[in-house]
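Below is one structure, written out as structure tokens; the observations come after it.
The values are calculated or read from the model by the stated rules, or taken from the named source; none is laboratory data. Bear in mind that the values here come from a model prediction, so they are computed numbers and not experimental data. Virtual Cβ from ideal backbone geometry, glycine too; neighbours counted across all protein chains shown.
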Amino acid sequence: MAELNAIKELRVEHITKRFPGVLACDDISLCVGEHEILALVGENGAGKTTLMNIIMGLYQSDEGAIYINGNEVNFKSPNDAFSAGIGMVHQHYMLVPNMTVLENVALGIKECWKSVVDLKLVRDKVNEVSEKYGLKVDPDAYIWQLSVGEQQRVELVKTLCQGAGFLILDEPTSALTPQETEDLIVLLKRMSKELSIIFISHKLNEVKALSDKVSILRHGRVVFEGNTKDYSPKQIAALMTGHEVEIAENKADPVEGESVLDIRNLCVKSDRGFYALDNFNLEVKAGEIVGLAGVSGNGQKELAEVINGLRKAESGSIRFFGTEIQNKSPDEVIALGMGYIPEERNTEGIVPSMSIKENMILKDSASPRFSKKNFLNHKAIEKYTDEMREKFDIRSPNMFVAAGSLSGGNIQKVILAREIDRNPKFLICVYPIRGLDMGAAEFIHKQLLALRERGVGILLISEELDEIMNLSDRIAVIFKGQNKAVLNKGEATTSRLGILMAGVKEDE
Ligand SMILES: Nc1ncnc2c1ncn2[C@@H]1O[C@H](COP(=O)(O)OP(=O)(O)OP(=O)(O)O)[C@@H](O)[C@H]1O
Ligand SMILES: [Mg+2]
């Protein structure tokens, strides 16, 4: 592995960055010392990622300067930042999907670029790093075959292989399982003996467990700085949002609605050819929220896809309002009233190059509400999009900017607004609050409860046990493609679910 580049101090002074219509960073100053971990927190769109991209040389700031060990640096590209020993794991992964893990790592290691790429050298590095830090990756897997959590691990391995002495981690835990998150926190803590870290997260218990210092951004400005040990997660939350955050809870009695989604003996293959769903059974009734708990990678992705017509089933049945929808096309499933909040935001949730306005009506462009005689009714679409921006607090200069230019959390809000507000008859949400700040998460949970009140059945796929337990009427547990148990609201505890999620039978 390359020698770690010693960075004793990274200082950012008076950084300002404007995008058309947005002041993303407004006179920001920060300092991270040797072996220090700084947590950077703030609501969606506060400017966290932009500031990091400026440090990495991906964007140029309009004003301000960056100093390393007291010397001003002027990075023109991430390459310059790597050379100075700074590595970043991005919020949206930057891996090449149709290349293997090894090939992706090789892209970042110049020493292996000879007349042919020396993959043996890369393999050795990958093995060394994954062993040293306990980060398991399959070097020969293609990126497109990996879950989001696995991709996150590859990003970390890739950055560490480059020999970074200063790590920038932009929401590194958002797609990790609770166990992986715990492991990563321990790992990062240990690594901070050798390097410095800027850590961005919306999860304040992680901030508390990991960081030495915390800075809060609001509307592009630093509004608070302090030593983490002096504040509780609750206090940091209040400083961040300016008010106490309430937790939305499903306190209603269980319903006896009609069966809406009825899945029986479903068998589905994964991209890698094994059975991701193996005789899976599940029922969701009208007006109830069924939480599907499980460690990601146990068939959740394939389940959401097969229900939405995005993957073929091998056998079994999926009845939706009594109709068999197995192997129907996505359009046909949508027409039957299915709403879908997918895990993969940028590829399945939005079309990044299209405007917010266009993304908002992706599924309804042919409906009489938004088009007349095959022509789009722009006035109606714009009025609707404006309402949605207001209601879901989507932060953007206007509705004509590309959805891909929004901050991570705001992209998620576009998807949530579209799927929740088009009045689905049924909704599948996969990790719905991933990447949302606490205020936004609370708002979304309230929206889901309101849909439930209106009689909509909801399948909530999540790894966050708090979220599952707060919202669900019933909780199913998926493990290795099978539904291991269905518990009523009152029967579920964190430890019981944890045990089931690990595949242990309850009588063992
Ligand atoms: N390339 C870009 N073009 C135009 N606007 C941008 C671009 N990148 C970021 N912005 C805007 O800058 C602001 C700050 O975005 P940024 O991604 O830094 O937020 P963030 O704090 O990382 O939020 P999140 O928690 O949602 O990831 C947002 O209003 C965003 O729309
Ligand atoms: Mg961000």
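In segment 421-428 there is at least one residue matching the filter, namely being β-branched (Val, Ile, Thr), in contact (Cβ under 8 Å) with a residue 40 or more places away in the chain, crowded, with 22+ Cβ neighbours inside 10 Å and not in a helix (DSSP H, G or I). Within segment 213-238, which residues are more than 16 Å from ligand 1 (Cβ to nearest atom) and part of a helix (DSSP H, G or I)? Residues satisfying the conditions are 228, 229, 230, 233, 234, 235, 238. Of the residues making up segment 382-398, those that are under 16 Å from residue 419 (Cα atoms), within 21 Å of the chain's Cα centre (by Cα) and of a type in the set (Lys, Arg) number 1. Mind checking which residues of segment 367-406 are at positive phi and within 16 Å of ligand 2 (Cβ to nearest atom)? The answer is 393, and nothing else. For segment 83-96: of the residues being at pLDDT 90 or above and within 26 Å of the chain's Cα centre (by Cα), which is farthest from ligand 2 (Cβ to nearest atom)? That would be 96. Under the condition of being under 24 Å from residue 336 (Cβ atoms), among the acidic types (Asp, Glu) and assigned to a helix (DSSP H, G or I), the residues counted in segment 439-473 number 1.
Here's the yes/no breakdown for (1) under 13 Å from the mean Cα position of the chain (by Cα); (2) in the same structural domain as residue 25 (by TED's automatic domain parsing); (3) modelled with pLDDT of 90 or more:
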site	(1), (2), (3)
410	yes, no, yes
413	yes, no, yes
419	no, no, yes
440	no, no, no
444	no, no, yes
